[in-house]
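Notes follow the structure.
The values are calculated or read from the model by the stated rules, or taken from the named source; none is laboratory data. The structure presented is a predicted model; accordingly, all values stated were derived computationally and were not measured. With ideal geometry, Cβ positions are generated from the backbone for all residues, glycine too; neighbour counts draw on all protein chains shown. The protein model used for the area step is the full one, side chains on, heavy atoms only, and it has no ligands, DNA or RNA in it. Shrake-Rupley method; radii C 1.70, N 1.55, O 1.52, S 1.80 Å.
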Amino acid sequence: HNLTAEAAEKLFGMLLSGEGTDAQIAMFLATMRVKGTTSEELVGAARAARARIQFPTLPDRCVVIATSRHGKRYSPPMALASAAAAAGAGIPVLLQTAPSLIGGGVTPGEVWQRLVGPLLGDPSHTSDLLADVGLACWQPTLADEGWERLQRIEDETSIRGIPDVVCKLMMPQDCAVLAGALPGPVLGMAGDALESLGHTQAMVLQGIEGSVDPSVVETTRGLRLLDGVKAPVRIRPA
């Protein structure tokens, strides 16, 4: 059966606090993957994760680009280039990312590591970067040591599940969000989760390989949330 948001928050908080064995966590991840995750379960887990970390201070009009550890195998990750272009045009961008899953593709975080420097989980340093140049990249799971075990088990089992999705939801409650999603009937669930977590301006795109990068050869589907109103988005190459 599905968990309520309250039960999911309690359970995920327990896992981040170190409770449960590796085998129990692996079974939980596998069960959730087979069952399918609901928006309430994502909201509860995200609330538990958010409560354990301090977030950077975001400047006005800042957009958070939330990416996963899935990465891109067959096409270049363009999120950092897009973020840099937006920052150059005067829109501050916080790129939220991490190194890829074992066997995954290249993430924007790995591009940042190669071109700029190490990924950090320091909110003060990230705030300073945003204030100085309008562009920063951080790995929020580094701000909470409870994530090391969850991500290790996720890597060892090759199960991309609720921890990876929750990583994309670990951001300040009222920030503007651009997030990527894998193909499938997940846009409504993503919109409901973001709305329940307090976001009033958000866009979820089913870009290339589940990224925020729209296709240049076919229509990219998405969903926009603006002040409580959700509407479908279609980005056409033309």
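Checked against (1) of a type in the set (K, R); (2) touching a helix residue (DSSP H, G or I) at 6+ places or on another chain (Cβ under 6 Å); (3) modelled with pLDDT under 90, R33 meets all criteria but (2).
Out of the residues in segment 1-32 that are of a type outside the set (A, V, I, L, M) and outside any helix (DSSP H, G or I), state the one that is surrounded by the fewest Cβ atoms within 10 Å (Cβ to Cβ). Even if it seems obvious, please write down each step before you answer.
At the first step, the residues of segment 1-32 found to be of a type outside the set (A, V, I, L, M) are 1-2, 4, 6, 9-10, 12-13, 17-22, 24, 28, 31.
Pick out the ones that are also outside any helix (DSSP H, G or I) and you get 1-2, 4, 17-21.
Details: H1: 4, N2: 12, T4: 14, S17: 11, G18: 9, E19: 12, G20: 15, T21: 8.
Top of the filtered list is H1.
Could you pull out the residue among G121, G207 that is within 23 Å of P76 (Cα to Cα) and either of a type outside the set (S, T, Y) or in contact with a Phe, Trp or Tyr (Cβ under 7 Å, 6 or more places away or on another chain) (or both)?
Details: G121 fails: within 23 Å of P76 (Cα to Cα).
Exactly one residue qualifies, and that residue is G207.
Can you work out which of the residues in segment 159-193 that are assigned to a loop (DSSP other than H, G, I, E, B) and touching a strand residue (DSSP E or B) at 6+ places or on another chain (Cβ under 6 Å) is surrounded by the fewest Cβ atoms within 10 Å (Cβ to Cβ)? Within segment 159-193, the match that is surrounded by the fewest Cβ atoms within 10 Å (Cβ to Cβ) is C175.
Pairing each residue of segment 202-223 that is within 16 Å of T97 (Cβ to Cβ) and free of Cβ contacts under 8 Å to residues at least 60 places away in the same chain with any residue that is basic (K, R) and open to solvent by 20 Å² or more (accessible area, probe 1.4 Å), provided the two are 6+ apart or on different chains, yields C-beta distances under 9 Å for L205/R221.
Listed here are the residues, each with its yes/no results for (1) in contact (Cβ under 8 Å) with a residue 24 or more places away in the chain; (2) touching a Cys at 6+ places or on another chain (Cβ under 8 Å); (3) farther than 29 Å from T157 by Cβ; (4) of a type in the set (S, T, Y).
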position: S82; (1), (2), (3), (4): yes, no, yes, yes
position: S100; (1), (2), (3), (4): yes, no, no, yes
position: V106; (1), (2), (3), (4): yes, no, no, no
position: S127; (1), (2), (3), (4): yes, no, yes, yes
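Okay, residues lined up against (1) basic (K, R); (2) touching a residue at least 12 places away in the same chain (Cβ under 8 Å); (3) crowded, with 19+ Cβ neighbours inside 10 Å:
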| position | (1), (2), (3) |
| --- | --- |
| L120 | no, yes, no |
| P123 | no, yes, no |
| E145 | no, no, no |
| E154 | no, yes, yes |
| S196 | no, yes, no |
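Going residue by residue through segment 61-73, is there one that turns out to be surrounded by fewer than 16 Cβ atoms within 10 Å (Cβ to Cβ), modelled with pLDDT under 95 and within 26 Å of I102 (Cβ to Cβ)? Yes, segment 61-73 contains at least one residue that is surrounded by fewer than 16 Cβ atoms within 10 Å (Cβ to Cβ), modelled with pLDDT under 95 and within 26 Å of I102 (Cβ to Cβ).
Yes or no, residue by residue, for (1) closer than 19 Å to A66 by Cα; (2) in contact with a strand residue (DSSP E or B) (Cβ under 8 Å, 6 or more places away or on another chain); (3) basic (K, R):
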site: L197; (1), (2), (3): yes, no, no
site: A202; (1), (2), (3): yes, yes, no
site: I208; (1), (2), (3): yes, yes, no
site: L225; (1), (2), (3): yes, yes, no
site: G228; (1), (2), (3): no, no, no
site: V233; (1), (2), (3): yes, yes, no
site: P237; (1), (2), (3): no, no, no
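Consider segment 88-110. How many of its residues are under 18 Å from G134 (Cα atoms) and part of a helix (DSSP H, G or I)?
At the first step, the residues of segment 88-110 found to be under 18 Å from G134 (Cα atoms) are 88-97, 108-109.
Add one more test, that the residue is part of a helix (DSSP H, G or I), and what stays is 88, 108-109.
Residues meeting the conditions: 3.
On the stretch given as segment 33-53, residues that are in a helix (DSSP H, G or I), closer than 14 Å to V186 by Cβ and open to solvent by less than 40 Å² (accessible area, probe 1.4 Å) total 3.
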